[in-house]
Every structure is written in structure tokens, then in C-alpha cells.
Amino acid sequence: MDTPSICTGTQTRTEACACGACGKSPEAKHAANKRDVLALLDLIAGCVENHPSQSFERATWGHVGDIAHLRSLLMEIATGFALGPDRDEQAARRRIEEALCAEDDEVAGALIDAM
Ligand SMILES: [Zn+2]
């Protein structure tokens, strides 16, 4: 592997950095960021399943707080994607929360319908 090239201004890898001084076209920057987002989503899913912090005999309120915080961060991102033309954040969030009330085998479809 080549030496990683990290922007000194943003501490972001230069291929994805959007500071304006790291070069490359918007198309290339978008593609690099999209690739990184998908890689990070895979990592997060793996961590939620397998990270040692997620392995315990009985959940404590501390465990609940940690996973609820992660849920909240992801909800914020999902809400951004679910915004309608009215840009009503509360309505988008509500649609997602209601979709999450679906049974496990139906939740993926319900979430897509909520978008
Ligand atoms: Zn940069």
C-alpha cells in the first residue's frame, strides 16, 4: 500500500477531501466519498454485530445508552434522506420511526416506503 495521503487542513484522505485545495474533479471527489461511506457503513454494521463492546451477558443501561446514541446518529442521517419537498424534518423522522415499528421481516421494506 502506498503511503496514505492525508490533507493537513482537514485530516481527511486527499482523494475524498473537499477542502478545495486537494485537487480532482467534483465527480472524482463524490465517487471517493461515496466509496468511503459504503465502506464505513459496512464497518459499522460489522461492529454492531461483532465488536467486543456489543458482547455481554446482560445489557446494562450503559449498553442501552451507547446503542441508543448510535441509533440517534443514524436516525439523523436517515431523516436527511427521507425529507420531502416540504423539508419537514419532524414529518420525515416520524415516518421513519413508524416504519421501524414494522415486524423484523418487513422493516426494510417499510423503511424504503417511508422515503
Ligand atoms: Zn484537503
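Listing for the model above:
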quantity	calculated
Farthest toward positive dipole pole in the chain [+1 Lys/Arg, -1 Asp/Glu at C-beta], among 115, 77, 52	77
20 °C / 1.002 mPa s Stokes-Einstein diffusion coefficient of segment 59-115, Kirkwood radius on C-alpha pairs, µm²/s	177
Free-standing Cys, the chain [no other Cys Cβ under 4.7 Å]	19, 47, 101
Range of Cα positions in the chain per principal axis (Å), largest first	46, 43, 23
Summed side-chain charge close to residue 82 - residues other than residue 82 whose Cβ falls under 14 Å, Lys, Arg +1, Asp, Glu -1	-3
Net charge of Cβ neighbours under 10 Å - reference residue 110; Lys, Arg +1; Asp, Glu -1	-3
Cα centre as origin, Lys/Arg/Asp/Glu Cβ charges: the chain dipole, Debye	600
Coil-residue chymotrypsin sites (Phe, Trp or Tyr not before Pro) of segment 33-115, DSSP, other Cβ within 10 Å capped at 11	56
Segment 1-55 - charge dipole about Cα centre, Lys and Arg +1 at Cβ, Asp and Glu -1, debye rounded to 20	180
Estimated [θ] at 222 nm from DSSP helical runs (n ≥ 4, -39500 (n - 2.57)) normalised by residues in the chain, nearest 500	-19000 deg cm²/dmol
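Rule-based calculations on the coordinates, nothing more; no lab input. Treat the numbers as computed from the prediction; the structure is a model and nothing was measured. Please note: Cβ atoms are built from the backbone with ideal geometry, for glycine as well, and neighbour counts cover all protein chains shown.
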